[in-house]
Amino acid sequence: MNIYGIRAIYHFEMARTFRTLWESIVAPVLTTSLYFIVFGKAIGSRMGDIDNVSYGAFIIPGLVMLNLLNESISNASFGIYMPKWAGTIYELLSAPVSWFEVLIGYVGAAATKSVMLGLLILGTARIFVPYEIAHPVWMVAFLLLTAVTFSLFGFIIGLWADSFQKLQAVPLLIVTPLTFLGGAFYSIDMLPPLWQKITLFNPVVYLISGFRWSFYGIADVDVAVSIGMTFGFLMTCLIFVWWVFKTGYKIRH
Amino acid sequence: MKTATAAMTANSSTPIISVRGVNKTYAGGFQALKKIDLDIKRGEIFALLGPNGAGKTTLIGLICGIVKATSGTIIADGHDIMRDYRAARATIGLVPQELHTDAFESVWATVKFSRGLFGKAPDAAYLEKVLRDLSLWDKRNAKIMTLSGGMKRRVLIAKALAHEPTILFLDEPSAGVDVELRHDMWRMVRTLRAQGTTIILTTHYIEEAEDMADRIGVISKGELIVVEDKAVLMRKLGKKQLTLTLRRPMTGIPAGLSAWPLVLSDDGHVLVYSFDAQEEETGIAELLRTLAEHGIEFKDLRSRESSLEDIFVSLVHRPKGTQE
């Protein structure tokens, strides 16, 4: 195991985060604060409780997930796309590191950054809405699992993309809609019966439902199913990345 | 002790890089390399010459692990670059042709990254020495994007040396750098060689290869057409020319001189005699005598040996199958 190699990639990526601290941390926190002001305070005050949870508190897990997903994908995809774009990938390809070590470095850094951001948003939410966490260990577990899984997904997008437009297309066109339609702002019980069935094809439903359960003990789908789906997605991403590195797809001629 | 000495002797005589039967065909069907066999000796400076698109960078990319070979094997410092890629790659440093740099990083951060990436424990003192040797120490905290092209080239060299490689690839290191940096760089290359590093370089400045290299390889259209000791190559393929500036112009070469390989310039003022540098008897004395007999006088005489560049051009443009 090339521990120094993993550390080098991880530190390099984390340094990039701290260098662009303003864009990395402040912007998502500001956006989330706006959500809390608009949905939590202004609109939320006119909405009834959902399963005995105030609307302002109800949307917290969804908003954290929304940011976690977007940040994990954008951090990891940008992290591996940049060396491809700048040509510095030659060094990574000629270094004595395995694909798994490269993955730990990039995905580890991207996931660390998005977990930090998730916790920061939770802290920001506390300013606007009082809430409690019923299962803190599970909350952290969901946070970590989701961050790692979607950082892996972002890494795949970064490998696949050959333009900045493509890099942004997947988060904008697929992930954001899925998150909005994944129950971030509503319980799926509120949907018409047909849509309640259709929405179960949206993987983000399971993430938000499981994460919300760790806060308030309420869930749209069984927690075990949520955990199973998240692991399933993690394994799918891992297998895909393994295949990419094995075949050299899009990276090694 | 005896065994250790014997092992060392064997080690120094075995090639540090051994390329066997390597072919590379890209996905589009373009065959970039055709059955390459090449041994690089330990501790030498090997210059790989060839026109643009000949396959130099592909060959370097294959040895360094950036490009996958279609077939064949490559051993670097005793390690198969596929099966034992970690050990093989740890011994190699690569300075790429293009100025690929992390624009937003500082010089120090990027060099530190390279050392770690290649599996070496942090060593600030060593990295400081590398940066000082390359006159980069004062710029260690500067962002790479603020540096000139020449300085960026130095950063790439520093990155390649950060993990103390025993084999260093320099792909067109002189491209776009000023004379001063070029001289600095060649001084550094000589120092590295003196410390035991094997250096493989590609260059467009053939006089550099002539000046620096121990051995020369010429690659053309994906084939390695010549690999030879530089001195041997120049002796074997080199030609000499004797140029005579005539006192009175001639309209043609007199019949009595038709046996000599002479070329008369268009204005009739210059007569050029080409002869083989290897020949014991150059024929100059005989030619001068014959000229005198024909009453041809000259006011100046100079002889010149063909440069590596001349040899290179003749090799690359030689019809297939005629190489020696």
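Points to keep in mind about this one:
- Among the residues of the stretch B:90-114, those that are at the interface with chain A (Cβ under 8 Å from one of its Cβ atoms), closer than 20 Å to B:V189 by Cα and not polar (S, T, N, Q) comprise B:A90, B:I92, B:L94, B:P96, B:E98.
- Subset of the stretch B:201-230 that is loosely packed, with under 15 Cβ neighbours inside 10 Å and modelled with pLDDT under 80 - its residue that is farthest from B:I63 (Cα to Cα): B:E207
- Of the helices (runs of 4 or more DSSP H) entirely within the stretch B:201-300, those holding at least 1 residues that are β-branched (V, I, T) and in contact with a Gly (Cβ under 8 Å, 6 or more places away or on another chain) occupy B:284-293.
- Wholly enclosed helices (runs of 4 or more DSSP H) of the stretch B:28-147 bearing at least 3 residues out of contact with any Pro (no Cβ under 9 Å at 6 or more places or on another chain) and of a type outside the set (G, A, S): B:56-64, B:107-117, B:124-133
- Residues of the stretch B:63-76 that turn out to be at positive phi and either within 11 Å of chain A (Cβ to nearest Cβ) or surrounded by 22 or more Cβ atoms within 10 Å (Cβ to Cβ) (or both), as a count: 1
- Residue match in the stretch A:86-106 (condition: farther than 30 Å from B:R83 by Cβ, at pLDDT below 90 and surrounded by fewer than 24 Cβ atoms within 10 Å (Cβ to Cβ)): yes
- Test: residue in the stretch B:45-56 that is closer than 15 Å to B:G21 by Cα and either of a type in the set (S, T, N, Q) or within 12 Å of chain A (Cβ to nearest Cβ) (or both): no
- Which numbered condition A:A76 misses (of (1) more than 14 Å from chain B (Cβ to nearest Cβ); (2) assigned to a helix (DSSP H, G or I); (3) surrounded by fewer than 21 Cβ atoms within 10 Å (Cβ to Cβ)): (3)
- Within the stretch B:149-173, restricting attention to residues that are of a type in the set (G, A, S) and buried (at least 19 other Cβ atoms within 10 Å of the Cβ), the residue that is nearest to B:K120 (Cα to Cα) is B:A162.
- Verdict on B:D80 being surrounded by fewer than 24 Cβ atoms within 10 Å (Cβ to Cβ), away from chain A (no Cβ under 13 Å) and not small (G, A, S): yes
- Residues located in the stretch A:11-30, provided they are surrounded by fewer than 19 Cβ atoms within 10 Å (Cβ to Cβ) and modelled with pLDDT of 85 or more: A:H11, A:M14, A:A15, A:L30
- When B:D138, B:D77, B:D102 are screened for being at pLDDT 90 or above and under 20 Å from A:L93 (Cβ atoms), only B:D77 passes.
- Any hit, the stretch B:236-248, residues being crowded, with 19+ Cβ neighbours inside 10 Å and within 27 Å of B:I92 (Cβ to Cβ): no
- Residue within the stretch B:3-10 that is closer than 18 Å to B:P165 by Cα, at pLDDT below 80 and not assigned by TED's automatic domain parsing to the domain that holds B:Q195 present: no
Condition check ((1) in a helix (DSSP H, G or I); (2) closer than 23 Å to A:I59 by Cβ) across all residues:
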position	(1), (2)
A:G154	yes, no
A:L159	yes, no
A:A169	yes, no
A:G183	no, yes
A:L194	yes, no
A:I208	yes, yes
A:V221	no, yes
A:T230	yes, yes
A:L234	yes, no
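- Condition check for A:P136: surrounded by fewer than 23 Cβ atoms within 10 Å (Cβ to Cβ), in contact (Cβ under 8 Å) with a residue 40 or more places away in the chain, more than 14 Å from every other protein chain (Cβ to nearest Cβ) and more than 22 Å from the chain's Cα centre (by Cα): no
- The residues listed here are A:Y81, A:Y4; of these, the one that is under 30 Å from B:T101 (Cβ atoms), without any contact (Cβ under 8 Å) to a residue 60 or more places away in the chain and within 14 Å of chain B (Cβ to nearest Cβ) is A:Y4.
The values are calculated or read from the model by the stated rules, or taken from the named source; none is laboratory data. As the structure is a computational prediction, the values presented were derived from the model and not from experiment. Heads up, the Cβs are rebuilt from the backbone with ideal geometry, glycines too, and the neighbour counts pull from every protein chain shown.
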